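Here's the structure, in structure tokens; my notes come after.
Readers should treat all values here as calculations from the given coordinates under stated rules, not as data from a laboratory. Computed from a prediction, not measured in an experiment: that's the story for all the values here.
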Amino acid sequence: MSNFTRVYFPGLGIDFDLPSVAFTIGSYDIHFYGIIIAFGFMLAVLYGGRMAYKWRMSLDGMTDVLIWGTVFGIVCARAYYVILSGAITAPTRQRSCKFGTAGLPFTVALSVP
């Protein structure tokens, strides 16, 4: 597997190689897609705070919605992955439920909250 991802914009005639790993902390690799997701989460927090003020809702209530929506989204996305990946047999079920061993469907994780 390559350590670089080819990014190209055919309409603009731009293409370049982007390293998959942005940086490493200890033995953990921090990937660029994780940074992009964290940036999107930060934007959602800022937007939720502004909308809480606009809708005259308490900021604590909006923060609770954001936290519980995120937790519920991740848990449901993982359940979706385990159920539809065919990992229903007993020996692989426990391994499939570990968050660090396999993927997380972004479409489910992003649509639930």
**OP:** Using a/c under 1.5 as the rounded threshold, could you call the stretch 1-88 rounded, prolate or oblate? The axes a ≥ b ≥ c are square roots of the C-alpha gyration tensor eigenvalues, and prolate needs a/b larger than b/c, oblate otherwise.
**Re:** oblate
**OP:** Report, in whole Å, the centroid distance computed from the Cα atoms of the stretch 1-34 and the stretch 53-79.
**Re:** 30
